[in-house]
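Undergrad: Take this structure first; my questions come after.
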Amino acid sequence: MQNSLISRCLRTLALLLAFGASGQAMADIVRLVTLDTAVYGAGRPGYLDFTFNGVDGAPAATATMSKLQGFDMDPANFLLGGDAALVPGGFALPNSTNLNDVAYQGVFGGMFSFLLTISGDASALLNSDFGILAYDINGNQIKGKILDLMFVAAPDGSADLQVVTINNAVASVDAAPVAVPEPGALALAGLGLLMLALARRRA
């Protein structure tokens, strides 16, 4: 009787550890965003403006831009607005009530890409919006919005990203490259499987 109870407890703990290790990654939405700015003219100076904001009362969420490619990463080229912040490897934009944005001053004509990770609580009614705009060197908007992504709840309640607007001549949104699990997550999952095996032996 006691062995059976211990065995069940071990099994439950093992499953929680195994699923907990994978659950962290599943909570985030990750997309590879690529921008081809050739349509704006090679060598033309200007700005790319990245924004993330929520409707008043939207559940807390954060958009993180990482693995930036094509950008001159000199801090002088980036202007952070609202609650946007510099984080290791990129920038984090919360969906607070402030106008949160990262403006990059650079030269058009080339390719820019980054991994966009949105984490937090998605809601079908109160959404958060990630947008990209282009401006000329005088601050005038060029050719409308490049990209507009809405962080929403999928029909099953899980988080999802919906493309509201996309300028296909400039932007593409693709599945992120397959990530290698963190060593800590692998160790946690391995511990869970080991405990499951021990529980089976005791049963």
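Every number in this text was worked out from the coordinates using simple rules, so none of it is lab data. This is a predicted model, so every value here is computed, not measured. All Cβ positions, even for glycine, are placed from backbone atoms using ideal geometry, and neighbour counts span all protein chains on display.
Undergrad: Would you mind pulling out the separation of the Cα centroids of segment 84-161 and segment 27-75, in Å?
TA: 5 Å
Undergrad: Could you give the size of the charge dipole of segment 27-181 about its Cα centre, using +1 on the Cβ of each K and R and -1 on the Cβ of each D and E, expressed in debye and rounded to the nearest 20?
TA: So the dipole magnitude of segment 27-181 works out to roughly 320 debye.
Undergrad: What ranking do 104, 135 get, fewest neighbouring Cβ atoms within 10 angstrom at the top?
TA: By the 10 Å Cβ count, ascending, the order reads 135, 104.
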